[in-house]
Amino acid sequence: MENGTVYNQTTEPEAKAPRRCPFGCTLRHLWGWRLPAKVVQTIFSFVAVVCEEIVDDCSTCSGLYFFEFVSCSAFLLSLLILCLYCTDLYESLGKDKVQKL
C-alpha cells in the first residue's frame with residue numbers, strides 16, 4: 001500500500017467568501033426618502049450640538065443642559081442608525097435584532 005487511494009483528500013475545498021464593497025457600505029436597507037431624511041436629521045442634530053457649545057454664558061442653565069443632552073443623544077442615535085443600516089452590520093445582526101435595537 002503505497003500513497004494510493006487510501007490517502008486521497010477527504011475534505012472539500014473551501015468556497016471563497018463573496019467580494020464585498022470597501023467598508024461594507026450598502027444602501028439597499030435605507031432607500032427612497034428614508035436615506036435623505038436620516039442624513040438631514042443627523043446634520044441638524046450635529047448643528048444643534050455645535051450651536052449649544054457656542055453659548056458661553058447663561059443665567060439659568062438647566063434648559064441649556066437639557067438641550068445639550070437631547071441634541072447630543074439625537075446626533076449619536078441617528079449616526080448609529082445610519083451606520084447600522086448602511087453597513088454589513090445589518091446582515092450580521094439580523095432583522096429581528098435591528099428592529100429591537
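No value in this document is a laboratory result; all are computed from the given coordinates. Bear in mind that the values here come from a model prediction, so they are computed numbers and not experimental data. Cβ placement follows ideal geometry from the backbone for every residue including glycine, while neighbour counts extend to all protein chains displayed.
Peptide packing: for 53-63, 78-88, the average count of neighbouring Cβ atoms within 10 Å per residue gives the ranking 78-88, 53-63, highest mean first. Taking every Cα-Cα distance in the range 20-101 and sorting them into 5 Å bins starting at zero, the pair-distance distribution P(r) comes out as 3, 14, 19, 19, 15, 11, 8, 6, 4, 1, 0 percent.
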